[in-house]
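Scroll down for the structure; my scribbles are underneath it.
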Amino acid sequence: MSPNLPDVVLWSIPAFVLLTVIEMVSYRLHPDEDAAGYETKDAATSVGMGLGSLVFDALWKIPIVAIYSAVYALTPLAIPVLWWTVPLMLLGQDFFYYWSHRGHHVIRILWACHVVHHSSRRFNLTTALRQPWTTWTVWPFYVPLIALGVHPAVLAFCSSANLVYQFWVHTERVGKLPRPFEYVLNTPSHHRVHHASQGGYLDRNFGGILIIWDRMFGSFTAETERPVFGLTKNISTFNPLRVATHEYAAIARDVRAARTWRERAGRIFRGPGWQPQPKAATTAEPAVVAERAV
């Protein structure tokens, strides 16, 4: 029997709208010249990407739920939904979210999905809505949870709760929180680092609800200098379809131009900035040069 759990994303939509309006008004009443703030086309693109993700996620959900259900049917384990097990399952989901998020930054074909969320040069609450349309790359990271006895419906609930939590960390209007919160939780300060394009900030702070995973696994960086948001190579488009697919198109171009199968594999499975090593000069080449010099 499937657990009857609330749709936390649906219930949170009024809060999303209210908080976004409050943030917009705050920029009007108290402008911050250093903050990226809002831009109409950018915000509209973010909202459009969010609406599109609802449609595509519903499509991807069909095969993913089938796989999860098959794994759950095969495992001898089953964790009951009780007041004390739900927090533990939330903790487990957040742990595997960390590794999914980290993987989507260091493997290019996965980055092609996640890059959508980083494609805005603004950092406000609408940026949280800029979600990818190809989230079929996420599901393998959570198979261990299903195998451990977490019901697919409970995993969906935990994932939604994680997503809802992360909405509020996409803002420049909240500074650093008291130290105990900053040490344990993902906060706006930590997430600003994650969305920054400076070298020292790249691929840091992957936590969803908790930042302790980054502290444990060496990917934490505190916010010091003001972040510059966006990509190392920004895209100049507000077309949602191009935003959703631009990195896949770039991978296809690089694979076509590759000269070897090793390079083709590297263009797909190595990091987003990976480049093949230039071919080393043979020992015969210097000798030829020397002979010509004589």
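Summary of computed values
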item: nm² value of the averaged projected area, convex hull over the Cα atoms of the range 73-115; result: 4.4 nm²
item: Karplus-derived 3J(HN,Hα), 6.51/-1.76/1.60, for each residue of the range 176-191, Hz, glycine and proline x; result: 7, 8, x, 3, x, 5, 5, 6, 9, 9, 6, 10, x, 4, 5, 6
item: Choice from Ser46, Ser236, Ser189 showing the highest fluctuation, given a GNM over the chain with Cα pairs closer than 10 Å; result: Ser236
item: GNM flexibility winner over the chain from Trp139, Trp111, Trp84 (Cα, springs under 10 Å); result: Trp84
item: For the range 89-158: relative contact order, % (alpha-carbon pairs under 8 angstrom, 6 or more apart); result: 40 percent
item: In degrees, nearest ten, helix 85-106 long axis to first principal axis of the chain (Cα); result: 20 degrees
item: Nitroxide proxy distance, nm - points 7 Å out along Cα→Cβ at Leu185 and Ala73; result: 4.1 nm
item: Degrees separating the helix 152-167 axis from the principal Cα axis of the chain, which is the longest one; result: 80 degrees
item: For the range 41-157: Kirkwood Rh in Å [reciprocal of mean 1/r, alpha carbons]; result: 15.5 Å
item: Built amide H within the under 5 Å cut-off of Leu148, gap 5+; result: none
item: Accessible area of Ser53 in the full protein assembly, 1.4 Å probe (Å², nearest 10); result: 10 Å²
item: Cα-based radius of gyration of the range 116-185 once divided by 2.2 N^0.38 Å, which approximates compact folds; result: 1.38
item: Which of Tyr183, Thr45, Thr134, positive extreme of dipole for the chain (C-beta unit charges); result: Thr134
item: Rounded tilt (10° steps) of 40-74 against the dominant C-alpha axis of the chain; result: 80 degrees
item: Computed Kirkwood radius, in angstrom, where 1/r is averaged over Cα pairs of the chain; result: 21.1 Å
item: Value of relative contact order over the chain, rounded to a whole percent, pairs C-alpha under 8 Å and six or more apart; result: 23 percent
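The values are calculated or read from the model by the stated rules, or taken from the named source; none is laboratory data. A quick note: this is a predicted structure, and the numbers were derived from the prediction, not measured. Cβ: placed from backbone, ideal geometry, glycine included. Neighbour counts: every protein chain shown. The protein model used for the area step is the full one, side chains on, heavy atoms only, and it has no ligands, DNA or RNA in it. Shrake-Rupley method; radii C 1.70, N 1.55, O 1.52, S 1.80 Å.
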